[in-house]
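Peer 1: I'd like to ask some things about the structure below.
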Amino acid sequence: MIKLRRTLSLVFAAVLACSPAFAQPAAAPATSTAADPWYNHAVIYEIYPRSYQDTNGEGLGDLNGITQRLGYLESLGVDTIWIAPMFPSPQVDFGYDVSDYDAVDPQYGTMADMDRLLAAAKQHHIRVLLDMVLNHTSDQHAWFKESASSRTNPKADWYIWNDGKPDPTNGKAQNSHQGPKGWVVPPNDWSSLFQGSAWEWEPRRGQFYYHFFYKQQPDLNWRNPAVEKAMFDAMRFWLDRGVAGFRLDAIATLFEDPSLKDEPLTGRLDASGFPESNHVLTSGLPQVHEVMHKMRMMFDSYSPDSYPNQRLLLGEIYVPSTAELATWYGTPESPELQLPMDTFVGFHTEGGGNVRSENVRLDLPHFRSSITDMETKLGGHQPVIVFDNHDNPRSIDRFADLNNRKYDQTIARLIAAILYTTKSTALTYYGAEIGMSTHTPTRREDVRDPIGITGWPKQKGRDGERTPMQWCPAPPTSCFSTNPKTWLPVGDDYPTVNVETETADANSLLNWNRALIAIRRDNPTMHSGGFTMLDPTNPSVLSYVRTPAPGSDGHPIVVSLNFTAQPQIVHLDLKPAGVTSEKAKTLLADDASLQSVTTMSTFTLPPYATLIAEVQ
Ligand code: TEU
């Protein structure tokens, strides 16, 4: 085993040494034009600010911690960071319940810290995206406090209020309340995605308010122009300070059907025992597209002729199909988002529902068809795929070979290869680059995410994928904090899974990710070439070729990935992609045996191996 590792290291080190960009920090951002804007090539790295780096000993990450780690991010090849919400918040949903859109939560720092972070990021050639929560605010936001105070205040119509319907049982039904005209129950069966009814009673108004998520996250009324203006102003506030754009949280749910009819029930009960409704009247309503278009116009008005400064709308969209996802780009006359997230490839969300991606597996037919859809069914728009975020178990666990966990790291390399070698913009999550795994709490009393507290033991919440970043092998916090009591415990695998140890190991997952990002950035075919699936009926191996863009002097690049625990002999015919030569040399591979590949007509992939080869 030790001998094998050494051989692998040598091979991998040799391959890395051939990549001139590897040892150097990322180059200044490449050119950005109207036809080929910067975000088509971006490596976007999501940071959960509570968990990245603590600099003041609170056991909680902060903005200065992110600033401190910009050099690391640049050396990894990251050119864009998305920071999950850092606005003032009661932190019921860890920042996704915003109580002031124009400030920084003191837990994370000050506005001066934010300005320093933005300036330092520029020095490191890193753009900063913030996370805009448009669907709802915190119930502690001044707007909601005012709106809830009476039926007649100036913000009375800023949220979704309803009298409810008469309760024939006179107070015996669930969620029944005494309103001005007698006992009432919620107007319909709409369920909250975060368990229970979506309607909460407010005694001061004698009315219910609607919340798609927690009851502390009341939905804004987007049919009120004053709401739209307030949220557009909040975005301008940050665009003016120099942020490159926003990840838009949960935007498919901005509008609700005014008929307030019942939704069909799924037939399932949520983890709290409440009947789940199918969100057909509360998600994906057509009006949202008008708002997205207006927003895009506003974004495009910033630095219109300066493409490196073009501002980005990256959307969190959970929709049932690729065809529906395509509508979120808008049309040439009425453009909307530049990058609506494709959750089919990485989270297997087809069929609808924004549920936690738990029972997915490394399933080759699924990967082949969803990657094909992403390349062919988005109307030529730029895709963005994602395998990891703060709402789903980490991909290293979801795609693990449950029969033999010794392949975890190898499979993580395969997933990273997909992330960085298709035409998609790459969206990754802190810790994925070192192979951090999901550390789900084992006792209810340790759970911090409210979904996990109410849903225990059926639904254990999202803490597992939000544990502190693992920086070094030192106990007790892996260099995350000087405070041993961190907000969530540091994963117990930190002695080996950490940035410092993996930086020093040429064969580590971290250096694999660095090498992939460098190839993606520096190889002309990877940067702007075409894409064709190869060997489409092979049940065990996924192969595709990136073909040089017309007029480019790049070579075709083949990517071949073994989805099984057995070695696979592969015979690739490149002619369907218009490539006549079969002669090739390995650019990057994670197994020593693949170093000697000379032809695409026959080679053998070890279990779960990745081969990236340049056709000569
Ligand atoms: O998530 C929206 C979303 O649909 C998630 O509900 C996701 O499916 C779920 O968390 C899986 O368990 C966004 C944020 O990413 C999430 O962290 C917030 O809690 C939510 O919006 C409310 O703002």
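The values are calculated or read from the model by the stated rules, or taken from the named source; none is laboratory data. Worth saying up front: this structure is predicted, and the values here are computed from it rather than measured. A quick note on method: Cβ atoms are made from the backbone with ideal geometry, for glycine too, and the neighbour counts reach across all protein chains shown. SASA here: full protein model, heavy atoms, side chains in, ligands and nucleic acids out. Shrake-Rupley method; radii C 1.70, N 1.55, O 1.52, S 1.80 Å.
Peer 1: Select from L254, T547, P154 the residue farthest towards the positive end of the dipole of the chain; place +1 on Cβ of Lys and Arg, -1 on Cβ of Asp and Glu, and compute about the Cα centre.
Peer 2: T547
Peer 1: A further question follows. Using the alpha-carbon centroid of each, what span in Å lies between segment 144-191 and segment 237-274?
Peer 2: Taking the Cα centre of segment 237-274 as reference, the centre of segment 144-191 is 21 Å away.
Peer 1: Calculate what fraction, in whole %, of the accessible area of segment 78-134 sits on carbon and sulfur atoms when a 1.4 Å probe is rolled over the protein chains. Please report the intermediate quantities before stating the final value.
Peer 2: Numbers: 870 of 1590 Å².
On segment 78-134, the fraction of accessible area on carbon and sulfur atoms equals 54 percent.
Peer 1: Another question about this same structure. Here is the link list: K460/K485; K261/K458; K122/K294. Which ones come out longer than 24 Å on Cα distance?
Peer 2: Numbers: K460/K485 21 Å; K261/K458 30 Å; K122/K294 28 Å.
Checking Cα-Cα distances, K261/K458; K122/K294 exceed 24 Å.
Peer 1: To the nearest µm²/s, what D does Stokes-Einstein give for segment 409-460 at 20 °C and 1.002 mPa s, using the Kirkwood radius over alpha carbon pairs as Rh?
Peer 2: Numbers: Rh = 13.4 Å.
Translational diffusion coefficient: 159 µm²/s.
Peer 1: What's the Kirkwood radius of segment 530-615 in Å, using all Cα pairs?
Peer 2: Numbers: mean 1/r = 0.0783 Å⁻¹.
Hydrodynamic radius (Kirkwood, Cα only) of segment 530-615 equals 12.8 Å.
Peer 1: Bin width 5 Å, origin at 0, all Cα-Cα pairs of segment 474-583: what percent of pairs per bin?
Peer 2: 2, 10, 14, 13, 13, 13, 9, 8, 8, 6, 3, 1, 0
Peer 1: Could you tell me which residue out of S437, W456, T599 lies farthest along the dipole of the chain toward its positive end? Charges go on the beta carbon: Lys and Arg +1, Asp and Glu -1, centred on the Cα centre.
Peer 2: Value computed over the given set: T599.
Peer 1: With all protein chains present, calculate the accessible area of D535 using a 1.4 Å probe and round the result to the nearest 10 Å².
Peer 2: D535 exposes around 40 Å² with every protein chain in place.
Peer 1: Whole-Å semi-axes of segment 124-257's equivalent ellipsoid, largest first, each the root of 5 times a Cα gyration tensor eigenvalue?
Peer 2: 33, 16, 10
Peer 1: Distances longer than 13 Å among the Cα atoms of segment 142-210: what percent of all pairs is that? Write down the numbers at each step before the final one.
Peer 2: On the way: 1440 of 2346 pairs.
Percent of Cα pairs beyond 13 Å in segment 142-210: 61.
Peer 1: Now for a different question. Just the number, please: carbon plus sulfur as a percent of the accessible area of segment 530-615, 1.4 Å probe, no ligands or DNA/RNA counted. Don't skip to the end; give the middle numbers.
Peer 2: Details: 1860 of 3370 Å².
Result for segment 530-615: 55 percent of the exposed heavy-atom area is carbon or sulfur.
Peer 1: Provide the convex hull volume over Cα atoms per residue for the chain, in Å³. Write out the running numbers ahead of the final one.
Peer 2: Values: hull volume 93.8 nm³, N = 616.
In the chain, the Cα convex hull volume per residue is 152 Å³.
Peer 1: Which value at 222 nm does the chain reach when only helices count, each DSSP H run of 4 or more adding -39,500 (n - 2.57), with the total divided by all residues and rounded to the nearest 500 deg cm²/dmol? Let's see the in-between values first.
Peer 2: Numbers: 16 runs with 152 residues, N = 616.
Result for the chain, helices only: -7000 deg cm²/dmol.
Peer 1: Contact order normalised by length for segment 142-210, with contacts defined as Cα pairs under 8 Å and 6 or more residues apart; what percent is it? Walk me through the numbers on the way to the answer.
Peer 2: Details: 113 pairs, mean separation 20.7, N = 69.
Relative contact order for segment 142-210 comes out at 30 percent.
Peer 1: Identify the residues of segment 219-253 with backbone N under 13 Å of a label point that sits 7 angstrom from the Cα of D300 along the Cα-to-Cβ direction, or state none.
Peer 2: No residue qualifies, since no backbone N sits under 13 Å from the label point.
Peer 1: With every protein chain left in place, what is the accessible area per residue of segment 142-210 in square angstrom, probe 1.4 Å?
Peer 2: Details: 3320 Å² over 69 residues.
Ligands and nucleic acids excluded, the result is 48 Å² per residue.
Peer 1: With every protein chain kept in the model, how would you rank D113, D505, D522 by accessible area, 1.4 Å probe, largest at the top?
Peer 2: Working: D113 15, D505 45, D522 80 Å².
Per-residue accessible area, sorted high to low, gives D522, D505, D113.
Peer 1: Keeping all protein chains in the complex and leaving out DNA, RNA and ligands, what accessible area do you get for S369 with a 1.4 Å probe, in Å² to the nearest 10?
Peer 2: Here the residue's solvent-accessible area equals roughly 60 Å².
Peer 1: Between K261 and N162, take the C-beta separation as r, use R0 = 22 Å, and let me know the FRET efficiency to the nearest 0.05. Write out the running numbers ahead of the final one.
Peer 2: Working: r = 13 Å, r/R0 = 0.58.
FRET efficiency, K261 to N162: 0.95.
Peer 1: Here's another thing I want to ask about it. Taking all protein chains in place and a 1.4 Å probe, what share, in percent, of the accessible surface of segment 142-210 do carbon and sulfur account for?
Peer 2: Working: 1720 of 3320 Å².
The C+S portion of the solvent-accessible surface of segment 142-210 is 52 percent.
Peer 1: Which residues in segment 205-222 place their backbone N less than 15 Å from a point set 7 Å from the Cα of N175 along the Cα-to-Cβ direction?
Peer 2: The answer is 207-219, whose backbone nitrogens lie closer than 15 Å to the label point.
Peer 1: Ok, one more. Using 1/(1 + (r/R0)^6) with R0 = 25 angstrom and r between the beta carbons of T598 and K575, what's the FRET efficiency to the nearest 0.05?
Peer 2: Details: r = 19 Å, r/R0 = 0.74.
That pair, T598 with K575, gives E of 0.85.
Peer 1: What lysines sit close enough to K585 to cross-link, taking a C-alpha to C-alpha distance under 23 Å and skipping anything fewer than 8 places away on the same chain?
Peer 2: Within the straight-line limit of under 23 Å, K585 reaches these lysines: K423, K575.
Peer 1: Would you work out the charge dipole size for the chain about its Cα centre, treating the Cβ of every Lys and Arg as +1 and the Cβ of every Asp and Glu as -1, and quote it to the nearest 20 debye? Mind dumping the intermediate values first?
Peer 2: Details: 52 positive and 71 negative charges, 140 e Å.
Around 680 debye, computed over the chain.
Peer 1: Here's something else I'd like to know. Counting only heavy atoms of protein chains, what accessible area per residue, in Å², does segment 530-615 have with a probe of 1.4 Å?
Peer 2: Using a 1.4 Å probe on heavy atoms only, each residue of segment 530-615 averages 39 Å².
Peer 1: Can you tell me the Rg and Dmax of segment 284-434, counting just the alpha carbons, in angstroms?
Peer 2: Over segment 284-434's Cα set, Rg and Dmax evaluate to 16.6, 54 Å.
Peer 1: Taking the Cβ of Y214 as the centre, find all other residues whose Cβ is under 10 Å away and add up their charges (Lys, Arg: +1; Asp, Glu: -1).
Peer 2: Numbers: positive: K215; negative: D93, D97, D139, E200.
So the environment of Y214 carries a net charge of -3.
Peer 1: Rounded to the nearest whole Å², what accessible area per residue is found for segment 306-447 with the 1.4 Å probe?
Peer 2: Working: 4790 Å² over 142 residues.
Averaged over the residues of segment 306-447, the accessible area is 34 Å².
Peer 1: Could you name the lysines in cross-link range of K215, using Cα to Cα under 18 Å and dropping any fewer than eight places away on the same chain?
Peer 2: K145
Peer 1: Roughly how big is segment 530-615's charge dipole about its Cα centre, with Cβ charges of +1 (Lys, Arg) and -1 (Asp, Glu), in debye to the nearest 20?
Peer 2: Here segment 530-615 has a charge dipole of around 80 debye.
Peer 1: Heavy-atom accessible area of C479 with all protein chains present, probe 1.4 Å, nearest 10 Å²?
Peer 2: 60 Å²
Peer 1: Using 0.36 nm per residue of separation minus the Cα-Cα distance, give me the extension gain between R268 and T537 in nm, one decimal.
Peer 2: Stretched out fully, the R268 to T537 stretch lengthens by 93.2 nm.
Peer 1: Still on this structure, please answer the following. Provide the percentage of antiparallel DSSP beta bridges, counting only those with both residues in the chain; round to the nearest 5. Spell out each step's value before the answer.
Peer 2: Details: 42 of 69 bridges.
Close to 60 percent.
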